[in-house]
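Presented below is the structure to which this report refers.
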Amino acid sequence: MIKYNLICKCGNTFESWFSSSSEFDFLCKKKLMKCIYCESSSVKKTVMAPNLSSKSNKVFKKTKLEKKIKKQLLDFRKYIEKNCKNVGENFTREARSIHYDKKTSQSIYGKATPEETTELLEEGIEVATIPWVDKSEN
């Protein structure tokens, strides 16, 4: 398969996939290749950058948005760590204890399985799953 950037006589640009370059030529010659916008059969290939695979292309590059989201999640984590008590693996028990007034109400965080989280929600205990971003990730 090969992908081409195409342009019609009206200046509309679009891309399309072909099984080979000769298939594109055949479709154009038979006037079967049409612009997806104006249906003109006067369609040509435009200049496009080749898709070269290199080691550096395979390395994940974070966008500005990804970096911003990670910073917000890290700030949220810092806030939780500063203002809430970490009860670790005892989260489910502690959440129930607080909910059923066995303990004074306080903000907690910790670990719970998806099943435990579902059980808490079914009991009417408000909990939230938070994406816990690792501080050491780049």
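Given the residues P131, P114, which is the only one that is modelled with pLDDT under 90, under 28 Å from K68 (Cα atoms), loosely packed, with under 15 Cβ neighbours inside 10 Å and in the same structural domain as L74 (by TED's automatic domain parsing)? Let's see the steps before the verdict.
Numbers: P131 fails: in the same structural domain as L74 (by TED's automatic domain parsing).
Residue meeting the stated conditions: P114.
Residue count for region 91-120 under the criterion of being part of a loop (DSSP other than H, G, I, E, B) and either over 21 Å from V133 (Cα atoms) or touching a helix residue (DSSP H, G or I) at 6+ places or on another chain (Cβ under 8 Å) (or both): the result is 10. Residues in region 1-43 that are of a type outside the set (D, E, K, R) and either more than 36 Å from the chain's Cα centre (by Cα) or assigned to a helix (DSSP H, G or I) (or both): S21, S22, F24, F26, L27, C28, L32, S40, S41, S42.
Give all pairs with beta carbons closer than 6 Å in which a residue from region 58-80 that is assigned to a helix (DSSP H, G or I) meets a residue that is at pLDDT 85 or above; count only pairs at least 6 apart in sequence or on separate chains. Here the result reads I80/Y109, each pair linking region 58-80 to a residue that is at pLDDT 85 or above.
The values are calculated or read from the model by the stated rules, or taken from the named source; none is laboratory data. Predicted, not measured: the structure shown is a model, and the values here were computed from it. Backbone-built Cβ (ideal geometry, glycine too); neighbour counts: all protein chains shown.
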